[in-house]
Amino acid sequence: MAFIDSHCHLDFTEFDAERAQLIKQCQQQGIEKLIVPGVTLAQSQALIAFAAQHTNVGIAAGLHPYFLAQYQHNHLMTLTEFAEQHRSQLIAIGECGIDRSIDDLALQTQIFEHHIVLANQLELPLIVHHRQSHDLIAQAFKRCKPKFGGVIHAFSGSMQQAQYYIKHGFKLGVGGVITYPRAQKTRSVVAALAAEHLVLETDSPSMPLAGFQGQVNTPLQLPLIFAQLCELKQLKEQEKGIFEQQLYESCSALFRI
Ligand SMILES: [Zn+2]
């Protein structure tokens with residue numbers, strides 16, 4: 001088995017006690033590569049040292065809307081300088097995006113569009129966070145078109161929305177949400193799409209799978225997400241190996257890893 005977890009926050013404190021052990025277990029269990037997004041300026045900067053410690057980790061730099069309270073006006077400029085300086089160590093810009101549950105949508109939009117410009121300038125894909133904000137993200141894309149695609153992290157939405165992102169060069173992040181029967185719409189959309197449009201992700205330590213609520217999520221759960229996706233696609237046993245390979249290639253092609 002060979003997988004890439006395209007989205008896990010392995011640098012978060014939830015993993016402090018078991019990080020080295022966990023990364024070793026991932027390698028043993030075929031979760032070959034782990035992509036860790038940036039969420040704040042200081043944390044993005046700290047990821048350089050984090051990636052140097054762990055050979056199978058890919059990193060991105062970005063300002064996540066969840067951390068908007070920590071945002072200061074010089075952060076965008078400093079993020080740009082930092083990303084330019086460390087371009088060769090970054091595989092993406094993000095995670096960035098627009099979240100309707102957080103105030104100041106105008107500021108979020110401004111920050112998000114800055115990330116798109118930066119990604120275009122550095123020829124990198126984007127890792128995009130959304131929550132009830134497909135319309136706002138589409139408006140941002142209209143003003144500022146991403147040139148190197150990316151991932152719509154934790155995609156949930158309609159087939160029409162999925163096709164819109166695919167048309168703009170994006171892949172859809174498929175995670176633990178598909179293990180919940182109530183996620184009917186997302187399940188049927190991702191089940192209908194080819195592997196080349198999807199990437200697997202856990203969003204660890206968040207987004208526990210059905211049956212694991214209340215526990216810290218880890219990249220070791222990725223094979224369970226894959227198994228659920230195979231079931232939703234009603235794949236035959238002999239088709240699963242090819243599908244797994246296609247998902248791996250989908251992710252490695254996007255991030256050039
Ligand atoms: Zn995330």
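For this structure, a couple of remarks:
- Beta carbons closer than 7 Å, at least 6 apart along the sequence or on distinct chains, pair a first residue in the stretch 182-206 that is within 19 Å of Ile35 (Cα to Cα) with a second that is surrounded by fewer than 17 Cβ atoms within 10 Å (Cβ to Cβ) for Ala195/Gln246; Glu196/Gln246; Pro205/Phe12; Pro205/Glu14; Pro205/Val216.
- All of Tyr164, Tyr180 fail the test of being of a type outside the set (A, V, I, L, M, F, W, C), more than 24 Å from Gly211 (Cα to Cα), surrounded by 15 or more Cβ atoms within 10 Å (Cβ to Cβ) and more than 14 Å from the chain's Cα centre (by Cα), apart from Tyr164.
- Among the residues of the stretch 171-206, those identified as of a type outside the set (A, V, I, L, M), within 16 Å of the ligand (Cβ to nearest atom) and not in a helix (DSSP H, G or I) are Lys171, Gly173, Gly175, Glu201, Thr202, Asp203, Ser204, Pro205, Ser206.
Per-residue answers, yes or no, for (1) within 16 Å of the ligand (Cβ to nearest atom); (2) surrounded by 14 or more Cβ atoms within 10 Å (Cβ to Cβ); (3) over 18 Å from Leu200 (Cα atoms):
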position	(1), (2), (3)
Ile4	yes, yes, no
Gln29	no, yes, no
Val36	yes, yes, no
Gln53	no, no, yes
His73	no, no, yes
Glu84	no, no, yes
Asp99	yes, yes, yes
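Every number in this text was worked out from the coordinates using simple rules, so none of it is lab data. Only a predicted model underlies this, so the values are computations on that prediction, with no experimental measurement involved. Neighbour counts are summed over all protein chains in view; Cβ atoms, including those assigned to glycine, are modelled from backbone coordinates with ideal geometry.
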